Each structure stands twice: as C-alpha cells, then as structure tokens.
Amino acid sequence: MPDMTKNEILSCLIEMVKGLLQTYREKDLAKVPDITFETDIFDDLGIDSLEILDLIDAIEKKFAISIQAEEISEKKTMGDIVDYILKARVSK
C-alpha cells in the first residue's frame, strides 16, 4: 500500500471502527459520535477487549503490519493509533 497521509489512515480506521461497532452491537451508526483524531476508543466509543482484538486484526490486514496487542491497547485515541500505524509502516 502506498504512503498514506494521517487523514487517509484515519478515514480507513473510522470505517473499520464503524463496521466493528455495527457488527458487535448492531448499532445504528447515526448514533456513533463523530470520530476524530481526539476520539477516545475506549471512553467515547466503548470498545472492549474483544473488539480491540478484532480491530487489531483488521489493522494488520489493511496496513500489512504486525501489532502487539499490549502496545495498541495502550493507545487511547484514534490519533494515537494513526501515529502507531505510521511508525510501524516506516519501520518495516
């Protein structure tokens, strides 16, 4: 996958998170808050430990990186995860 900007990575992550929320909770996506770089994945979106594992799997496949669950679980905001993906892609 060619180099992506932070905004492009965020857009991909938003789609992944919305899909995850819809699958797990059958949520009406209209009720999901606007997701930005500052959105806290745990507090604002209510993502739990099982959902984070599925999100990690989706990120690994989409961005062709390897993620340690402990590392990504320490990231709180969407911006933290975007930065993590950027660093992981550079260090490949």
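If you count, for each residue, the other Cβ atoms within 10 Å and average over each peptide, how do 51-57, 63-69 line up from highest to lowest? The partial results should precede the final answer.
Working: 51-57: 16.3, 63-69: 13.4.
Ranked by mean Cβ neighbours within 10 Å, highest first: 51-57, 63-69.
Give, as a single signed number, the net charge of other residues whose beta carbon lies under 11 Å from the beta carbon of residue 71, with Lys and Arg counted +1 and Asp and Glu -1. Intermediate results must be reported in sequence, preceding the final value.
Values: positive: 75, 87; negative: 70, 74, 80.
Local net charge: -1.
Tilt of helix 6-25 relative to the longest C-alpha principal axis of the chain, in degrees (0 to 90, nearest 10)?
That helix lies at roughly 40 degrees to the long axis.
Could you tell me how many degrees, from 0 to 90 and to the nearest 10, lie between the Cα long axis of helix 49-63 and the main elongation axis, the longest principal axis, of the Cα atoms of the chain?
Result, in degrees: 40.
Just one of (i) 5.4; (ii) 6.6; (iii) 8.2 is mean projected area of the Cα convex hull in nm² as worked out from the coordinates here. Which one is it?
(i)
Residue 75: which aspartates and glutamates have alpha carbons under 17 Å from its alpha carbon, excluding same-chain residues fewer than 8 sequence positions away?
Of all the aspartates and glutamates, those that pass the test against residue 75 - Cα under 17 Å, at least 8 places apart if same chain - are 38, 40, 43, 44, 48, 51, 54, 57, 60, 83.
For the chain, modelled as a GNM with alpha-carbon contacts under 10 angstrom, which of 61, 18, 75 fluctuates the most?
Fluctuation is largest for 61.
Helix 78-90 versus the longest principal axis of the chain: what is the Cα-based angle in degrees, 0 to 90, to the nearest 10?
Helix 78-90 sits at roughly 20 degrees to that axis.
The numbers here are math on the coordinates, done by the rules we state, and not lab data. Remember, it's a predicted structure, so these values are computed and weren't measured experimentally. Methodologically, a virtual Cβ is constructed for each residue, glycine included, from the backbone with ideal geometry; neighbour enumeration extends over all protein chains shown.
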